[in-house]
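What follows is a single structure, written as C-alpha coordinates, with notes after it.
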Amino acid sequence: MTTSRTPYYAPHGGHPPQTDLLTDRAVVTEAYTVIPRGVLRDIVTTVLPEWRDTRSWVLNRPVAGGAVTFSQTILEVAPGGGSEAPEPQSEVEGFLFLMEGEVEVVIVGEAHRLTPGGFAFVPAGEQWSLRSVGDDAARLHWIRKRHQPLEGHRPKPVVGQEQDIEPSPMPGTEGRWRTTRMLDPQDLAFDMHVNIVTFEPGASIPFAETHEMEHGLYVLEGKAVYRLNADWVEVQEGDYMSLRAFCPQACYAGGPGPFRYLLYKDVNRQVEL
(Lines give C-alpha, C1' and ligand atoms only; values in the text may rest on other atoms or scores of the structure.)
Protein backbone atom coordinates (compact mmCIF):
# COMPACT_ATOMS: atom_id res chain seq x y z
CA MET A 1 0.00 0.00 0.00
CA THR A 2 1.27 3.48 -0.89
CA THR A 3 1.59 5.78 2.12
CA SER A 4 1.77 9.55 2.26
CA ARG A 5 5.21 11.15 2.25
CA THR A 6 3.82 14.69 2.20
CA PRO A 7 1.53 16.55 4.63
CA TYR A 8 -1.82 17.84 3.44
CA TYR A 9 -3.54 20.41 5.62
CA ALA A 10 -7.23 19.63 6.18
CA PRO A 11 -9.81 21.50 8.29
CA HIS A 12 -11.19 19.88 11.44
CA GLY A 13 -13.86 22.45 12.32
CA GLY A 14 -14.49 23.53 15.88
CA HIS A 15 -15.04 27.14 17.00
CA PRO A 16 -12.65 29.88 18.13
CA PRO A 17 -12.97 31.23 21.66
CA GLN A 18 -15.08 34.32 22.35
CA THR A 19 -11.87 36.22 23.13
CA ASP A 20 -10.63 36.03 19.51
CA LEU A 21 -10.74 39.13 17.31
CA LEU A 22 -12.99 39.05 14.24
CA THR A 23 -10.28 40.31 11.88
CA ASP A 24 -9.19 37.77 9.27
CA ARG A 25 -8.15 37.63 5.62
CA ALA A 26 -11.46 36.62 4.02
CA VAL A 27 -12.28 38.75 0.99
CA VAL A 28 -14.72 38.51 -1.91
CA THR A 29 -14.28 40.64 -5.03
CA GLU A 30 -15.56 40.43 -8.61
CA ALA A 31 -12.18 39.02 -9.69
CA TYR A 32 -11.34 36.62 -6.85
CA THR A 33 -12.32 35.17 -3.48
CA VAL A 34 -10.07 34.21 -0.57
CA ILE A 35 -11.45 31.88 2.10
CA PRO A 36 -8.89 31.56 4.94
CA ARG A 37 -8.72 28.37 6.91
CA GLY A 38 -9.88 30.16 10.07
CA VAL A 39 -13.44 30.46 8.75
CA LEU A 40 -13.83 26.72 8.03
CA ARG A 41 -15.64 26.11 11.32
CA ASP A 42 -18.55 23.92 12.41
CA ILE A 43 -21.06 26.70 11.85
CA VAL A 44 -20.43 26.85 8.08
CA THR A 45 -20.65 23.12 7.36
CA THR A 46 -23.53 21.62 5.42
CA VAL A 47 -24.83 18.09 4.98
CA LEU A 48 -25.47 16.68 1.51
CA PRO A 49 -28.59 14.51 0.99
CA GLU A 50 -26.71 11.90 -1.04
CA TRP A 51 -24.11 11.30 1.70
CA ARG A 52 -24.36 9.63 5.12
CA ASP A 53 -22.25 10.44 8.20
CA THR A 54 -20.66 13.26 6.20
CA ARG A 55 -20.39 17.00 6.56
CA SER A 56 -18.90 19.42 4.07
CA TRP A 57 -17.36 22.83 3.56
CA VAL A 58 -18.38 24.27 0.19
CA LEU A 59 -15.43 26.36 -0.97
CA ASN A 60 -16.72 27.36 -4.39
CA ARG A 61 -19.97 27.27 -6.34
CA PRO A 62 -21.42 29.02 -9.38
CA VAL A 63 -22.37 32.57 -8.40
CA ALA A 64 -22.72 35.74 -10.43
CA GLY A 65 -19.45 37.67 -10.50
CA GLY A 66 -17.28 34.72 -9.45
CA ALA A 67 -15.96 31.46 -10.86
CA VAL A 68 -19.13 30.29 -12.52
CA THR A 69 -18.62 26.80 -13.96
CA PHE A 70 -17.38 24.52 -11.18
CA SER A 71 -17.81 23.67 -7.53
CA GLN A 72 -15.23 22.61 -4.96
CA THR A 73 -16.10 21.04 -1.62
CA ILE A 74 -14.18 19.51 1.28
CA LEU A 75 -15.92 16.39 2.57
CA GLU A 76 -15.38 15.04 6.09
CA VAL A 77 -16.60 11.43 6.06
CA ALA A 78 -16.85 9.56 9.36
CA PRO A 79 -15.64 5.94 9.50
CA GLY A 80 -18.19 3.81 7.67
CA GLY A 81 -19.80 6.86 6.10
CA GLY A 82 -20.01 7.72 2.44
CA SER A 83 -22.42 7.43 -0.46
CA GLU A 84 -23.65 4.81 -2.91
CA ALA A 85 -24.78 7.48 -5.40
CA PRO A 86 -22.81 10.69 -4.70
CA GLU A 87 -23.39 12.62 -7.93
CA PRO A 88 -26.98 13.83 -8.50
CA GLN A 89 -26.31 15.20 -12.02
CA SER A 90 -25.46 12.76 -14.81
CA GLU A 91 -23.78 15.46 -16.93
CA VAL A 92 -21.28 16.37 -14.18
CA GLU A 93 -17.78 14.89 -13.87
CA GLY A 94 -15.81 14.77 -10.63
CA PHE A 95 -12.31 14.72 -9.21
CA LEU A 96 -11.47 13.47 -5.71
CA PHE A 97 -8.26 14.20 -3.77
CA LEU A 98 -7.74 12.62 -0.35
CA MET A 99 -5.94 14.61 2.37
CA GLU A 100 -6.57 12.48 5.47
CA GLY A 101 -7.92 9.04 6.29
CA GLU A 102 -8.60 6.15 3.97
CA VAL A 103 -11.45 5.55 1.52
CA GLU A 104 -12.65 2.92 -0.90
CA VAL A 105 -13.89 4.31 -4.20
CA VAL A 106 -15.78 2.04 -6.57
CA ILE A 107 -15.98 3.29 -10.16
CA VAL A 108 -18.02 1.25 -12.66
CA GLY A 109 -17.72 -1.80 -10.43
CA GLU A 110 -13.95 -1.58 -9.84
CA ALA A 111 -12.80 -0.90 -6.27
CA HIS A 112 -9.82 1.33 -5.43
CA ARG A 113 -8.33 2.03 -1.99
CA LEU A 114 -7.09 5.62 -1.57
CA THR A 115 -4.69 6.86 1.11
CA PRO A 116 -3.57 10.50 1.56
CA GLY A 117 -2.37 11.82 -1.80
CA GLY A 118 -4.69 9.45 -3.62
CA PHE A 119 -6.96 10.81 -6.33
CA ALA A 120 -9.72 9.67 -8.67
CA PHE A 121 -11.29 11.22 -11.76
CA VAL A 122 -14.85 10.08 -12.45
CA PRO A 123 -16.27 10.81 -15.93
CA ALA A 124 -19.77 12.22 -16.23
CA GLY A 125 -22.51 9.61 -16.22
CA GLU A 126 -20.43 6.83 -14.65
CA GLN A 127 -21.69 5.02 -11.56
CA TRP A 128 -19.46 5.38 -8.50
CA SER A 129 -19.50 5.21 -4.72
CA LEU A 130 -17.24 6.14 -1.82
CA ARG A 131 -16.87 4.76 1.71
CA SER A 132 -14.58 5.84 4.54
CA VAL A 133 -12.76 2.65 5.62
CA GLY A 134 -10.14 3.94 8.08
CA ASP A 135 -10.26 4.28 11.85
CA ASP A 136 -10.49 8.09 11.58
CA ALA A 137 -12.57 10.44 9.46
CA ALA A 138 -11.55 10.88 5.84
CA ARG A 139 -11.13 14.42 4.53
CA LEU A 140 -11.05 14.99 0.80
CA HIS A 141 -11.65 17.49 -1.97
CA TRP A 142 -14.48 16.95 -4.42
CA ILE A 143 -14.29 19.09 -7.57
CA ARG A 144 -17.33 19.01 -9.87
CA LYS A 145 -17.71 20.36 -13.38
CA ARG A 146 -20.33 20.03 -16.09
CA HIS A 147 -18.59 18.00 -18.80
CA GLN A 148 -18.24 19.57 -22.24
CA PRO A 149 -18.38 16.62 -24.68
CA LEU A 150 -15.99 16.49 -27.63
CA GLU A 151 -16.78 14.17 -30.52
CA GLY A 152 -14.37 11.23 -30.66
CA HIS A 153 -12.96 11.90 -27.20
CA ARG A 154 -14.53 10.32 -24.12
CA PRO A 155 -12.56 10.43 -20.86
CA LYS A 156 -11.93 7.26 -18.87
CA PRO A 157 -11.67 6.96 -15.09
CA VAL A 158 -8.23 7.78 -13.66
CA VAL A 159 -7.02 6.64 -10.22
CA GLY A 160 -3.59 7.13 -8.69
CA GLN A 161 -1.32 8.63 -6.02
CA GLU A 162 0.23 12.03 -6.53
CA GLN A 163 3.46 10.84 -4.88
CA ASP A 164 3.94 8.33 -7.71
CA ILE A 165 3.90 11.00 -10.43
CA GLU A 166 7.15 12.67 -11.46
CA PRO A 167 6.66 16.46 -11.25
CA SER A 168 7.43 18.55 -14.33
CA PRO A 169 9.80 21.46 -13.62
CA MET A 170 8.99 24.83 -15.12
CA PRO A 171 11.68 25.91 -17.63
CA GLY A 172 14.55 27.92 -16.18
CA THR A 173 13.66 27.22 -12.54
CA GLU A 174 15.96 24.24 -11.77
CA GLY A 175 12.89 22.49 -10.41
CA ARG A 176 12.17 25.11 -7.77
CA TRP A 177 8.76 25.62 -9.43
CA ARG A 178 7.23 22.32 -10.56
CA THR A 179 3.86 20.81 -11.37
CA THR A 180 2.47 17.35 -10.63
CA ARG A 181 -0.14 16.65 -13.32
CA MET A 182 -2.72 14.09 -12.27
CA LEU A 183 -4.60 14.20 -15.59
CA ASP A 184 -2.82 14.04 -18.96
CA PRO A 185 -2.65 17.63 -20.26
CA GLN A 186 -2.35 16.40 -23.87
CA ASP A 187 -5.51 14.27 -23.76
CA LEU A 188 -8.37 16.26 -25.31
CA ALA A 189 -10.90 14.01 -23.60
CA PHE A 190 -10.30 16.02 -20.41
CA ASP A 191 -11.83 19.47 -20.16
CA MET A 192 -10.29 20.06 -16.73
CA HIS A 193 -6.82 19.82 -15.25
CA VAL A 194 -6.11 19.12 -11.58
CA ASN A 195 -2.48 19.60 -10.60
CA ILE A 196 -0.34 20.06 -7.51
CA VAL A 197 1.96 23.05 -7.89
CA THR A 198 5.08 23.22 -5.72
CA PHE A 199 7.40 26.15 -5.03
CA GLU A 200 10.57 25.90 -3.00
CA PRO A 201 11.17 28.76 -0.52
CA GLY A 202 11.85 31.99 -2.41
CA ALA A 203 10.63 30.67 -5.77
CA SER A 204 8.02 32.70 -7.60
CA ILE A 205 5.68 33.09 -10.53
CA PRO A 206 7.67 35.97 -12.01
CA PHE A 207 4.89 37.53 -14.08
CA ALA A 208 1.18 38.20 -13.69
CA GLU A 209 -0.51 35.24 -15.37
CA THR A 210 -3.63 36.54 -17.12
CA HIS A 211 -5.58 33.98 -19.09
CA GLU A 212 -9.03 32.56 -19.75
CA MET A 213 -9.00 29.67 -17.26
CA GLU A 214 -10.97 29.81 -14.05
CA HIS A 215 -8.99 28.60 -11.03
CA GLY A 216 -9.54 26.94 -7.69
CA LEU A 217 -6.42 26.87 -5.48
CA TYR A 218 -6.31 25.12 -2.10
CA VAL A 219 -3.06 25.49 -0.16
CA LEU A 220 -1.90 22.06 0.99
CA GLU A 221 1.35 23.11 2.63
CA GLY A 222 3.41 26.20 3.43
CA LYS A 223 2.78 29.90 2.94
CA ALA A 224 3.22 32.59 0.29
CA VAL A 225 2.33 36.08 -0.78
CA TYR A 226 -0.08 35.72 -3.70
CA ARG A 227 -0.93 38.36 -6.30
CA LEU A 228 -4.66 38.41 -7.07
CA ASN A 229 -5.78 41.03 -9.58
CA ALA A 230 -4.17 44.24 -8.19
CA ASP A 231 -3.73 42.97 -4.63
CA TRP A 232 -1.02 41.07 -2.74
CA VAL A 233 -2.57 38.64 -0.25
CA GLU A 234 -0.83 36.46 2.37
CA VAL A 235 -1.97 32.84 2.23
CA GLN A 236 -1.08 29.74 4.21
CA GLU A 237 -1.92 26.04 4.28
CA GLY A 238 -5.66 25.50 4.51
CA ASP A 239 -6.55 28.71 2.66
CA TYR A 240 -8.58 28.64 -0.56
CA MET A 241 -8.56 31.00 -3.54
CA SER A 242 -11.11 31.15 -6.34
CA LEU A 243 -10.16 33.13 -9.45
CA ARG A 244 -12.49 34.06 -12.27
CA ALA A 245 -11.31 34.05 -15.88
CA PHE A 246 -8.54 36.56 -16.68
CA CYS A 247 -7.79 37.41 -13.05
CA PRO A 248 -4.04 38.24 -12.95
CA GLN A 249 -2.06 36.03 -10.57
CA ALA A 250 1.52 35.63 -9.37
CA CYS A 251 3.21 34.59 -6.12
CA TYR A 252 6.33 34.46 -3.96
CA ALA A 253 6.82 31.36 -1.78
CA GLY A 254 7.55 32.40 1.79
CA GLY A 255 9.25 29.36 3.33
CA PRO A 256 10.70 27.93 5.47
CA GLY A 257 9.33 24.82 3.72
CA PRO A 258 7.74 24.24 0.31
CA PHE A 259 4.58 26.04 -0.75
CA ARG A 260 2.17 23.58 -2.42
CA TYR A 261 -1.39 23.93 -3.65
CA LEU A 262 -4.06 21.83 -5.34
CA LEU A 263 -4.99 23.59 -8.58
CA TYR A 264 -8.13 23.21 -10.69
CA LYS A 265 -8.61 24.89 -14.06
CA ASP A 266 -10.83 24.40 -17.11
CA VAL A 267 -8.99 23.62 -20.38
CA ASN A 268 -9.08 22.14 -23.89
CA ARG A 269 -12.37 23.55 -25.18
CA GLN A 270 -13.36 26.20 -27.69
CA VAL A 271 -14.92 29.39 -26.33
CA GLU A 272 -18.68 29.08 -26.64
CA LEU A 273 -20.31 32.21 -28.03
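The values are calculated or read from the model by the stated rules, or taken from the named source; none is laboratory data. Since the model is a prediction, treat every value here as computed from it, not as a measurement. Every residue, glycine as well, gets a Cβ built from its backbone with ideal geometry; the counts of neighbours run over all protein chains shown. SASA here: full protein model, heavy atoms, side chains in, ligands and nucleic acids out. Shrake-Rupley method; radii C 1.70, N 1.55, O 1.52, S 1.80 Å.
Scanning segment 87-105 turns up no residue that is touching a Ser or Thr at 6+ places or on another chain (Cβ under 9 Å) and of a type in the set (S, T, Y).
Only residues that are touching a residue at least 40 places away in the same chain (Cβ under 8 Å) and assigned to a loop (DSSP other than H, G, I, E, B) were counted across segment 40-64, and they come to 1. Might you let me know whether segment 198-208 holds any residue that is in contact with a Gly (Cβ under 6 Å, 6 or more places away or on another chain), surrounded by 20 or more Cβ atoms within 10 Å (Cβ to Cβ), touching a residue at least 60 places away in the same chain (Cβ under 8 Å) and among the polar types (S, T, N, Q)? Looking through segment 198-208, none of the residues is in contact with a Gly (Cβ under 6 Å, 6 or more places away or on another chain), surrounded by 20 or more Cβ atoms within 10 Å (Cβ to Cβ), touching a residue at least 60 places away in the same chain (Cβ under 8 Å) and among the polar types (S, T, N, Q). Exactly one residue out of T173, T179 is open to solvent by less than 60 Å² (accessible area, probe 1.4 Å) and more than 23 Å from I74 (Cα to Cα), and it is T173. Among the residues making up segment 222-236, those that are free of Cβ contacts under 8 Å to residues at least 60 places away in the same chain, in contact with a Cys (Cβ under 8 Å, 6 or more places away or on another chain) and either more than 11 Å from A250 (Cβ to Cβ) or buried (at least 18 other Cβ atoms within 10 Å of the Cβ) (or both) are A224, Y226, R227. When segment 249-263 is filtered for residues that are more than 17 Å from R37 (Cβ to Cβ) and either in contact with a Phe, Trp or Tyr (Cβ under 9 Å, 6 or more places away or on another chain) or open to solvent by 40 Å² or more (accessible area, probe 1.4 Å) (or both), the ones remaining, listed by number, are Q249, A250, C251, Y252, A253, P256, P258, L263.
Every residue, every condition in (1) open to solvent by less than 40 Å² (accessible area, probe 1.4 Å); (2) hydroxyl-bearing (S, T, Y); (3) in contact with a Leu (Cβ under 9 Å, 6 or more places away or on another chain), yes or no:
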site	(1), (2), (3)
F70	yes, no, no
S83	yes, yes, yes
L98	yes, no, yes
R113	no, no, no
P116	yes, no, yes
P123	yes, no, no
D136	no, no, no
L140	yes, no, yes
E151	no, no, no
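Determine, yes or no, whether T69 is closer than 27 Å to R154 by Cβ and modelled with pLDDT under 95. Yes: the conditions hold for T69.
Any chance segment 127-134 includes a residue that's touching a residue at least 40 places away in the same chain (Cβ under 8 Å), among the polar types (S, T, N, Q), within 20 Å of G13 (Cα to Cα) and out of contact with any His (no Cβ under 9 Å at 6 or more places or on another chain)? Yes, there is a match, as at least one residue in segment 127-134 is touching a residue at least 40 places away in the same chain (Cβ under 8 Å), among the polar types (S, T, N, Q), within 20 Å of G13 (Cα to Cα) and out of contact with any His (no Cβ under 9 Å at 6 or more places or on another chain). None of A120, A111, A85, A78 is assigned to a loop (DSSP other than H, G, I, E, B) and at pLDDT 95 or above except A85. Being buried (at least 24 other Cβ atoms within 10 Å of the Cβ) and under 17 Å from the mean Cα position of the chain (by Cα) is a description that applies to D239.
Among the residues of segment 153-170, write down those that are open to solvent by less than 80 Å² (accessible area, probe 1.4 Å) and farther than 30 Å from F207 by Cβ. Matches in segment 153-170: H153, P155, P157, V158, V159, G160, Q161.
Condition check ((1) in contact (Cβ under 8 Å) with a residue 60 or more places away in the chain; (2) in a loop (DSSP other than H, G, I, E, B)) across all residues:
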position: Q148; (1), (2): yes, yes
position: V159; (1), (2): no, no
position: P171; (1), (2): no, yes
position: T180; (1), (2): no, no
position: D184; (1), (2): no, yes
position: F190; (1), (2): yes, yes
position: V194; (1), (2): yes, no
